[in-house]
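Data block below; observations after.
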Amino acid sequence: MLTIGYIGNGKSTNRYHLPFSLNRDYLKVKTIYARNLDKKEWERVPDVLYTDDITTLMNDEEIGLIVVCTHTESHYHFAKMALDHGKHVLVEKPFMLTKDEAVSIFQYANEKNLVIQCYQNRRYDSDFLTTKKVIQSGKLGDLLEVEMNYDYYRPHTPNATDHFSKYNSFLYGHGVHTIDQALSYFGKPESIHYDVRQLLGSGRMNDYFDLDFYYSSLKVSIKSSFFRLKGRPSFVVYGKKGVFMKETEDRQEEHLKLFYHPKDHDNFGVDSPDHYGILTYLDDDGHYHEEKVVSEKGDYARVYDDIYQAIVHGKEKVVKDEETIAVMEILENGIEGCS
């Protein structure tokens, strides 16, 4: 049994963590810390201690893992505090403010022989897992180009924001998902072209990005906008023998927003046939095929499976330190030109 304490009691903890950590019998959620316990936005979990005293969390010898679900500006502070108290740490993304902070905290954890990892749950998105399955089938042949899109139509958000914030930018908050997916599967690119914009003008919110990752024989494009009334396909993969297109995104977030949780519903996050991607390819005999691909099942709880194995059984971390550092470097470089 691995006992968990959370720092933060907002949307991150309640929507993207608790539905999954409470769905594993080898995990025990014991304590949740928040500075303001008077907020009534989320129902309290039965048998969990809620406290506004951080020392209650840190000094509890039963708690082995601290999960940091606060604003990015405080990630380093709370992660170091937890390491100082002998706790392993899981940190929401973006992991830290800068590459230097990421390098520093990984070194500090290694010195203390403790595990610290970024919560890269989007590695377990259904659309990403399905796309990997199609690539690995070999039916597309040698890969030429991959498009990864994560679009919104939320013009009210940038319109209501009258200043630029580097660490709360669209690139930091949302590019971190798809950038990590690309690095986890394709590795670090040889070069990157950045197109990061403030569509409403300088001094306003970063609301658009288009990154091209160049490999020796492959280009991976990562795009997102707040102004897409009709979103682009989630994934499009072109190979020498075919193409795979997945129009819709993973449905876990959709279900979480409806409080449709994995503990109570076996079909949580599961695609229906109208969400399946389309694979079109020529086989070795030159025959044309077009078929639906049944989606893989996404499951954000697999991040907890991974870190449990690393902490309790000494397995290698699935989300590697160098991958998280590379993500931070790309975020920093990408946002550099905005102001």
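No value in this document is a laboratory result; all are computed from the given coordinates. All values derive from a computational prediction rather than experimental measurement. All Cβ positions, even for glycine, are placed from backbone atoms using ideal geometry, and neighbour counts span all protein chains on display.
Quick look at the values:
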item	result
Leading residue at positive end of dipole, the chain (Cβ point charges), from Ser202, Gly138, Leu282	Ser202
Tail beyond 14 Å, pair distance distribution of segment 1-87 (Cα, percent)	62
Total charge dipole magnitude, the chain, about the Cα centre, Cβ charges on Lys, Arg, Asp, Glu only, Debye to nearest 20	380
Cα-centred dipole magnitude for segment 152-229, charges only on beta-carbon of K, R (+1) and D, E (-1), debye, nearest 20	120
Dipole moment magnitude, nearest 20 debye, segment 214-339 about Cα centre, only Lys, Arg, Asp, Glu C-beta charged	360
Length-normalised contact order for segment 1-152 - Cα pairs under 8 Å, 6+ apart - percent	18
Selected from Asn36, Asn168, Asn23 as most flexible by GNM, with the chain as the system and alpha-carbon contacts under 10 Å	Asn36
Centre separation in Å (Cα based) which lies between segment 295-313 and segment 90-167	16
Three semi-axes of the equivalent ellipsoid, segment 105-258, Cα gyration tensor, whole Å, largest first	26, 23, 17
Evaluated at q = 0.17, 0.30 Å⁻¹: base-10 log I(q)/I(0), Debye formula over Cα of segment 158-219	-0.63, -1.25
Debye equation applied to the C-alpha atoms of segment 249-321, log10 I(q)/I(0) at 0.12, 0.15 Å⁻¹	-0.56, -0.74
Cross-link reach list, lysines versus Lys133, counting only Cα pairs under 25 Å and skipping chain neighbours closer than eight places	Lys188, Lys219, Lys223, Lys240, Lys241, Lys246, Lys292, Lys297, Lys315, Lys317, Lys320
Rounded D (µm²/s) - the chain, Kirkwood Rh over Cα pairs, Stokes-Einstein at 25 °C, 0.890 mPa s	116
DSSP beta bridges in the chain [antiparallel fraction, %, rounded to 5]	60
Volume in Å³ per residue [convex hull over Cα atoms, computed for segment 16-60]	90
